[in-house]
């Protein structure tokens with residue numbers, strides 16, 4: 001590999017000005033910023049929908065919205081958060097950080113990168129526009145099971161289908177870009193086993209995306225033809241099978257949850273060593289654990305379908321395979337703990353979020369194990385216990401890691417230190433309210449409250465009210481986060497190149513804020 | 001890595017991963033027949049088979065064993081029909097060819113076409129339960145107020161596992177499009193046929 005030949009034609013100027021800068025940009029930092037803002041706006045929209053849900057569930061009975069709109073809210077909240085907030089948020093981090101961490105001047109395919117982002121706002125708008133259509137938006141749950149999403153769905157469902165197609169295109173292009181960048185753009189000396197763990201987790205996630213997003217596209221295409229062109233993939237009357245939908249959907253759906261959590265593992269694996277002032281414990285075992293989680297994710301999906309009447313042999317297989325995932329995941333949790341063990345720990349805001357991640361994600365992991373036990377799952381299936389579980393892994397897991405990543409890398413992005421006092425207020429406010437919000441949902445779920453229903457029986461009233469109060473507080477905390485973000489962009493203590501005392505890696509060798517073009521001459525990695 | 005070299009490498013990655021994505025799109029559709037094949041081999045889905053009458057008659061009857069066959073009927077909410085088995089249950093010897101009837105009546109003043117879809121429980125017994133004649137093989141049309149007794153001829157395979165003493169055969173009648181009346185669909189790989 002030769003160095004110094006990687007510069008492009010416009011390396012001597014900074015960012016162009018004006019709106020067109022953002023439309024035509026091929027700069028990985030600009031695109032990363034666009035992704036992060038898009039994700040944040042979607043987080044607020046999806047969050048507003050969650051507030052509607054919690055307001056309706058504040059008391060038993062129907063008082064705030066009508067049941068169909070409630071169902072639309074649960075559906076859209078899920079779709080927006082998964083495809084609009086968490087996934088683009090993670091891609092935004094990848095765009096900003098991967099080139100900086102492997103010493104590359106940009107992503108491998110900058111023009112495609114621009115496309116992958118700019119599809120998103122259109123897909124998001126199309127998805128949201130269904131709310132204003134006749135018959136309302138999709139109201140069949142984010143898992144859109146047939147025949148609810150085919151025979152009995154509103155007309156707007158076709159717009160939902162095309163929105164999913166577009167989001168899929170965006171994700172696949174983003175994934176191809178990340179793999180090409182990691183394979184071809186590493187600085188000399190940056191061998192695969194020297195790559196920071198965040199890069200590794202994203203590299204593996206990108207393969208997952210390429211494997212399963214097309215299957216999702218296939219599933220929605222079958223829905224489309226079932227709805228409009230007389231096919232019967234999921235229609236028993238025509239010889240099809242509604243359970244087939246669940247097989248195709250969860251073949252995508254299970255790897256999808258790892259797509260959302262693996263990059264989060266990467267973020268936390270960067271932050272903890274910095275503030276423990278130790279090298280990450282068990283680097284190579286982390287890489288292998290990530291790869292084995294990714295592999296296992298393909299062969300366990302039917303644990304979402306234990307109640308469909310699977311034969312006992314099938315239940316046993318999927319039960320054992322599912323529980324096996326706890327092994328590589330535990331390797332990770334123990335490695336993080338071992339990294340902190342006897343470290344010179346300090347508790348700056350990013351570290352607080354990262355520790356909360358380890359603690360709370362593990363709670364979500366444990367409830368996942370409970371649901372993996374097939375006979376026990378008969379009780380948990382489709383109750384609030386499930387809702388509590390996946391919010392522990394996705395909110396206090398994936399979302400917390402993105403927020404941690406903001407507090408960790410924002411000084412590099414903006415050149416300003418984040419106000420520690422505000423960051424800590426945001427942290428404690430969020431971490432307390434999020435537990436008030438989701439922990440009681442375990443109780444009402446075990447007691448039998450079903451998910452996706454606007455009304456409930458009286459015995460669930462108290463915990464629902466507490467959960468709603470926690471929800472409003474958590475929602476408000478994220479509005480406060482807007483203030484923290486804007487304040488950090490506007491000003492603050494100037495950040496040094498290293499930013500954190502214990503920081504390590506190539507991104508901390510360039511000045512803060514990161515110049516518009518970096519590593520045009522590849523750095524030497526020892 | 002030199003500039004051109006890197007460009008070439010990138011192009012190679014895009015080509016390969018693009019192909020992989022396309023293949024996976026195809027795989028999503030391949031899951032449809034794969035699912036049917038898997039269910040047929042294992043009998044997981046309660047999908048029953050069809051054999052010729054001669055083949056059924058050539059089976060040796062196991063006089064020492066009795067299996068109870070129960071009959072169930074469901075009508076889909078969009079189909080304005082009355083539909084029920086003429087016989088609730090019957091004791092049969094494995095290997096015997098048995099004929100029973102279902103009853104259907106159109107309760108409207110219009111011609112209506114329906115399609116019955118069978119399912120057998122326990123699912124694992126499905127591959128030991130075959131039919132030589134069934135009203136579910138074709139779509140059924142009933143004129144205004146018309147009623148009909150519809151025959152079903154089946155055989156329980158003597159190979160049926162010892163622990164299965166009762167099987168339940170259930171039919172759901174769905175509304176079909178009128179122009180498709182009498183059209184044959186094969187139940188084993190119904191999904192594929194109806195797409196073609």
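The values are calculated or read from the model by the stated rules, or taken from the named source; none is laboratory data. Quick caveat, the model's predicted, so the values are computed rather than measured. Note that each Cβ is placed from the backbone with ideal geometry, even for glycine, and that neighbours are counted across all protein chains shown.
Residue A:146 meets each of the listed conditions (1) over 27 Å from residue A:33 (Cβ atoms); (2) buried (at least 24 other Cβ atoms within 10 Å of the Cβ); (3) at pLDDT 95 or above apart from (3).
Residues in the stretch A:223-233 that are assigned to a helix (DSSP H, G or I) and either surrounded by 24 or more Cβ atoms within 10 Å (Cβ to Cβ) or more than 9 Å from chain B (Cβ to nearest Cβ) (or both): A:223, A:224, A:226, A:227, A:228. The residues in the stretch A:454-468 that are touching a residue at least 40 places away in the same chain (Cβ under 8 Å) and either assigned to a helix (DSSP H, G or I) or within 17 Å of residue A:55 (Cβ to Cβ) (or both) can be counted, and the count is 10.
Quick one: in the stretch A:234-246, which of the residues that are closer than 16 Å to residue A:218 by Cβ and more than 30 Å from the chain's Cα centre (by Cα) is farthest from the other protein chains (Cβ to nearest Cβ)? Looking at the filtered set, the residue picked out is A:241.
Do we have residue A:211 as without any contact (Cβ under 8 Å) to a residue 40 or more places away in the chain, in a helix (DSSP H, G or I) and at the interface with another protein chain (Cβ under 8 Å from one of its Cβ atoms) here? Against the criterion (without any contact (Cβ under 8 Å) to a residue 40 or more places away in the chain, in a helix (DSSP H, G or I) and at the interface with another protein chain (Cβ under 8 Å from one of its Cβ atoms)), residue A:211 does not qualify. Just one of the listed residues (A:295, A:265) is in contact (Cβ under 8 Å) with a residue 60 or more places away in the chain and either within 25 Å of the chain's Cα centre (by Cα) or surrounded by 21 or more Cβ atoms within 10 Å (Cβ to Cβ) (or both), and it is A:265.
Considering only the stretch A:267-288, state which residues are over 15 Å from residue A:193 (Cβ atoms) and in contact with a helix residue (DSSP H, G or I) (Cβ under 7 Å, 6 or more places away or on another chain).
Of the stretch A:267-288, the ones over 15 Å from residue A:193 (Cβ atoms) are A:267-268, A:270-278, A:281.
A:267, A:268, A:270, A:271, A:272, A:273, A:275, A:276, A:278, A:281 - these are the residues of the stretch A:267-288 that are over 15 Å from residue A:193 (Cβ atoms) and in contact with a helix residue (DSSP H, G or I) (Cβ under 7 Å, 6 or more places away or on another chain).
Would it be correct to say that residue B:62 is within 14 Å of chain A (Cβ to nearest Cβ), over 30 Å from residue B:108 (Cα atoms) and either touching a residue at least 24 places away in the same chain (Cβ under 8 Å) or loosely packed, with under 14 Cβ neighbours inside 10 Å (or both)? The answer is no for residue B:62. Among the residues of the stretch A:183-203 satisfying the criterion of being crowded, with 24+ Cβ neighbours inside 10 Å and closer than 30 Å to residue B:30 by Cβ, which is nearest to the other protein chains (Cβ to nearest Cβ)? That would be A:203. Just wondering, is there one or more residues in the stretch A:361-369 that are within 14 Å of chain B (Cβ to nearest Cβ) and surrounded by fewer than 19 Cβ atoms within 10 Å (Cβ to Cβ)? No, because not a single residue in the stretch A:361-369 is within 14 Å of chain B (Cβ to nearest Cβ) and surrounded by fewer than 19 Cβ atoms within 10 Å (Cβ to Cβ).
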